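Rule-based calculations on the coordinates, nothing more; no lab input. Predicted, not measured: the structure shown is a model, and the values here were computed from it. For neighbour counting, all protein chains shown are included, and Cβ atoms are generated from backbone atoms with ideal geometry for every residue, glycine included.
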Amino acid sequence: MRVSLFVAGVLGAIFFPPWVPLVCMGALALRFRAWEVIILGMLVDFLWLPSGAFFGTLPLFTIAGLILAWGLEPLRSEFLLRR
């Protein structure tokens, strides 16, 4: 399930609107200790940010990935099974 969510997020980053990888990132972060969330956020930022405006805009999906990966750790460890 972990690999399929990551692959769905990568395909969503390439072919679908940005909310699809965001949903996959959230599902990964809630269920697993997933470093893939940060990689998926960086991939979405590299694909969707304009090429000339990389230093002028915030990498929102990378920031969201960091928040999801480390911010949801107490919630995941409290309510979900550890794996």
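Values as computed for the structure displayed
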{"read-out": "Radius 14 Å from Cβ of T62, net charge of other residues (Lys, Arg +1; Asp, Glu -1)", "value": "-2"}
{"read-out": "Rounded to whole Hz, the Karplus (6.51, -1.76, 1.60) HN-Hα couplings of segment 63-71, x for glycine and proline", "value": "5, 5, x, 5, 5, 5, 5, 9, x"}
{"read-out": "Computed helical MRE - 222 nm, the chain, DSSP H runs ≥ 4 contributing -39500 (n - 2.57), nearest 500", "value": "-19500 deg cm²/dmol"}
{"read-out": "Sites matching chymotrypsin sites (Phe, Trp or Tyr not before Pro) across segment 1-58 that sit in DSSP coil, with at most 11 neighbouring C-beta atoms within 10 Å", "value": "W35, F54, F55"}
{"read-out": "Dipole magnitude of segment 2-79 about its Cα centre (Cβ charges: Lys, Arg +1; Asp, Glu -1), debye to nearest 20", "value": "140 debye"}
